[in-house]
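The block underneath contains the structure these notes are about, expressed in structure tokens.
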Amino acid sequence: MKATVFAPGSIGNVGPGFDILGLAVDGHGDRVRVELTNEHTQVVVRGRDAELLPTDPEKNAAAIAASAMLRHLGREQSFVITIDKGLPVSGGMGGSAASSVAGAYAAALAIGANVSPEEIMTAALDGEMFVSGRHLDNIAPITLGGLVLSRSIDPIDVISLAVPDRWSVALITPRVRIETKQARAILPEQWDRASWIQQMANTAGLIAAFATGDGALARRALDDLYAEPRRAPLIPHFAEVKRAALDAGAFGCSISGSGPTIFAIADDASAQRCAQAMHKAMAEIPSEVRVAQIARRGAHPV
């Protein structure tokens, strides 16, 4: 009658792959427990930035996703959902997506249902849509682990992609908040053809770089012409941090999701050096910096 699921954080877009590429990251994540009850549905939020999340079941992403899963399985069921946040709110690490995936998966497990990744992602979309819009670039890697291409939402068609064994991620999160809806609102609805073609080439090149472990290709291809130039002014010292990461040996550096987290892809030998350089370049802005492995495992019961 109850179940708990851990969901890792993720990097959305992974540079040029706007709304279609996502990379799961080890370490921090959200833990969600769903316990069935005959009383009214309740939401309990604990942990990082807990005070910023709504406890109204109709406004909480994890609760919305859990309800969607139960309806999908034919159960009109009240529950108590407890969310232990490890990911920052509006931090660019897929926090709402992680809670949504974990909530949907835990709800299925609580009633003893065996569900597919597609069913989990479909229910999680309801929660993510309430917070930031209908896209899978965080939900898919959080569910499956690794690097994932979201080819289609209707119907869901996601592809797990190869990742090198010895690549790591350096992450820095300055103490500012950027809401995804705000960050999406500044992006143009239409774009010129030449830029669009180059963005497609960069995305394809980045996938090839991950598949072959080609760091030089990753450095050329991890170049976002669409969102990064428009969102960079929202992040303190972004240009300096990116330059510091590249100078320290990173293959590429960009904004994680909508920001403010900045990520750099590097080999294991230089990832810590990149993180230190990024931290120094952030200067006076309080920030959290760490090195993480690519999460090979997605959301899972605990």
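What value, in deg cm²/dmol to 500, does the helix sum -39500 (n - 2.57) over DSSP H runs of n ≥ 4 give at 222 nm once divided by the residues of the chain? List each step's numbers first, then the result.
Details: 10 runs with 107 residues, N = 302.
Counting only the DSSP helices, I get -10500 deg cm²/dmol.
Dividing the mean sequence gap of close Cα pairs (under 8 Å, 6+ apart) by how many residues the chain holds gives a relative contact order of 25 percent. A Cα-only calculation for the range 94-230 places Rg and Dmax at 16.7, 51 Å. Among 284-296, 245-257, 92-104, 203-215, sorting by the average number of other beta carbon atoms lying within 10 angstrom of each residue, highest first, gives 92-104, 245-257, 203-215, 284-296.
Based on the mean of other Cβ atoms within 10 Å per residue, sort peptides 6-12, 51-57 so the most packed one is first. Numbers along the way, then the final one.
Values: 6-12: 30.0, 51-57: 14.0.
Per-residue mean Cβ counts within 10 Å order the peptides as 6-12, 51-57.
Report, in cubic angstrom per residue, the convex hull volume of the C-alpha atoms of the chain. Show your work: numbers first, answer last.
Values: hull volume 34.6 nm³, N = 302.
That works out to 114 Å³ per residue.
Relative to the compact-globule estimate of 2.2 N^0.38 Å, the Cα radius of gyration of the range 113-169 comes out at 1.20. By the rule of a C-alpha distance below 14 Å, with chain neighbours fewer than 8 residues away ignored, the aspartates and glutamates paired with Lys280 are Glu240, Asp247, Glu288.
Quote the relative contact order of the range 183-286 in percent (integer), defining contacts as alpha-carbon pairs under 8 Å separated by 6+ residues. Once normalised by length, the contact order is 23 percent.
If you take all other residues with their beta carbon under 13 Å from the beta carbon of Asp165, and give Lys and Arg +1 and Asp and Glu -1, the sum is 0.
I want the local charge near Gly127. Using Cβ-Cβ distances under 12 Å, sum +1 for each Lys or Arg and -1 for each Asp or Glu among the other residues. List each step's numbers first, then the result.
Numbers: positive: Lys59, Arg134; negative: Asp30, Glu58, Asp126, Glu128.
Summing Lys and Arg as +1 and Asp and Glu as -1 gives -2.
Counting each pair of different Cα atoms once, what's the Kirkwood radius of the range 1-74 in Å, rounded to one decimal?
Numbers: mean 1/r = 0.0693 Å⁻¹.
When all Cα pairs of the range 1-74 are included, the Kirkwood radius is 14.4 Å.
Using R0 = 51 Å, the C-beta based FRET efficiency linking Asn114 and Arg243 works out to 0.55.
Once you keep just the Cα pairs under 8 angstrom separated by 6 or more residues, what percentage relative contact order results for the range 123-191?
Details: 51 pairs, mean separation 14.8, N = 69.
This gives 21 percent for the range 123-191.
Work out which helices of the chain, taken as complete DSSP H runs, extend at least 24 Å along their axis over the Cα atoms and score a mean Kyte-Doolittle of -1.0 or more, then list them. Span-like helices in the chain: 193-212. Other residues within the sphere of radius under 9 Å centred on the Cβ of Arg33, judged by their own Cβ, net out at 0 (K and R +1, D and E -1).
Taken together, the values in this text are just the output of simple stated rules run on the coordinates, not laboratory data. Being a predicted model, the structure only gives us computed values, none of them experimental. Neighbour counts run over all protein chains shown; Cβ positions are idealised from the backbone, glycine included.
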